[in-house]
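Before any comments, here is the structure.
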Amino acid sequence: MLTFIRADADVHDTARRLLAGDPSGRPAEAVHSLDQVVLRAPLRPGKIIGVGLNYVEHVEESSRSLDTDRELPSRPVLFGKPATAVTGPGQPILHNGDLTRQLDWECELAVVIGRTAFRVSEEDAYDHIFGYSIVNDISARDQRRSGQWFFSKGQDSYAPFGPAVVTADDIADPMNLDLELRVNGVTKQKSNTRHMLFPIARLIADISSGMTLEPGDVIATGSPSGVGAGMVPPEFLVPGDTVEATVEHIGTLTNPVVDAR
């Protein structure tokens, strides 16, 4: 997939023609049914840029439960996840009880960059997007270190990603997509991307003001309210749980939680 994203427009146009044409005329290897394959994470990003506090209600619940600022941020709050945190659909989220008792979920729309972006304006931001997917921003809430989130959010399996990348031309309005997250079938998060504090174009412009975004990089655009730390009383993931993150027009990313000790 990363090679395909980096390819030129002619390659992308050829793929569209193959998929849009008469199925009888397609090469046999062009399409496979889901029951014939095992889905993995769509790609290994060069970098994952996480966005914190990007839904107003999540700002409030975070200030109450995670000691973050009560005031709405004036600029996007950014952090990083390493590529080694990525895991695919159906793959386990690792719960190491020696490291955390507060493993939490966050359903997020993922933006997959398609063209190198540096100092991109908001007006041109969408020209640099290849497509959209889902990231479940898993966090060990009790592994913040002097306010820093890298280890809390960057451990192996803490970035479930997938189940697919939907190309930008198939998403009419990424700023109006329903999101939902369920744990063991019970809805915990339910919102819409229109409630983002900083919309996608602003995020790309802000990040690229000082950091080059490359094809295959992923921006996890932030979580709505309903995280486990914000529940009364707090709720956290334990081995045996199943987490389903759904974004409209993209699908559902499902992952079991397993004991990793």
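The values are calculated or read from the model by the stated rules, or taken from the named source; none is laboratory data. In this text the structure is predicted, and so the values were computed from the model without any measurement. Heads up, the Cβs are rebuilt from the backbone with ideal geometry, glycines too, and the neighbour counts pull from every protein chain shown. These accessible areas exclude ligands, DNA and RNA; they are computed on the full protein's heavy atoms, side chains included. Shrake-Rupley method; radii C 1.70, N 1.55, O 1.52, S 1.80 Å.
List of remarks:
- Helix-only CD estimate at 222 nm, as mean residue ellipticity for the chain, using -39500 (n - 2.57) per DSSP H run (n ≥ 4): -4500 deg cm²/dmol
- Acute angle (nearest 10 degrees) that the helix 9-20 long axis makes with the longest principal axis of the chain, alpha-carbon atoms: 80
- Accessible solvent surface per residue of the chain, calculated while the other protein chains remain in place, 1.4 angstrom probe, Å²: 48
- Total charge dipole magnitude, the range 131-171, about the Cα centre, Cβ charges on Lys, Arg, Asp, Glu only, Debye to nearest 20: 360
- Prolate/oblate/rounded label for the range 3-140 (Cα gyration tensor, a/c 1.5): oblate
- Pair-distance distribution of the range 1-43: all C-alpha pairs, bin width 5 Å, starting at 0; shares per bin in whole percent are 5, 18, 22, 25, 23, 8, 0.
- Helix 56-65 and the longest principal axis of the C-alpha atoms of the chain enclose an angle of approximately 40°.
- The aspartates and glutamates within cross-link reach of Lys153, meaning a Cα-to-Cα straight distance under 13 Å and a gap of 8 or more places when in the same chain, are Asp104, Glu106, Asp137, Asp142.
- 13 Å beta-carbon shell around Ile204, net charge (K/R +1, D/E -1): -4
- Top of Leu94, Leu181, Leu39 by mean-square fluctuation, Gaussian network on the chain, Cα under 10 Å: Leu39
- Protein accessible area in the range 83-198, 1.4 Å probe - carbon and sulfur %: 44
- Ratio Rg/Rh [Cα only; Rh per Kirkwood] for the range 104-165: 1.09
- On the principal axes of its alpha carbon atoms, the range 167-261 extends 40, 30, 26 Å, with the longest extent given first.
- Normalised alpha carbon radius of gyration of the chain [divisor 2.2 N^0.38 Å]: 1.00
- Using only the C-alpha atoms, the convex hull of the range 67-175 corresponds to 138 Å³ per residue.
- Span from the the range 140-163 Cα centroid across to the the range 176-224 one, whole angstrom: 16
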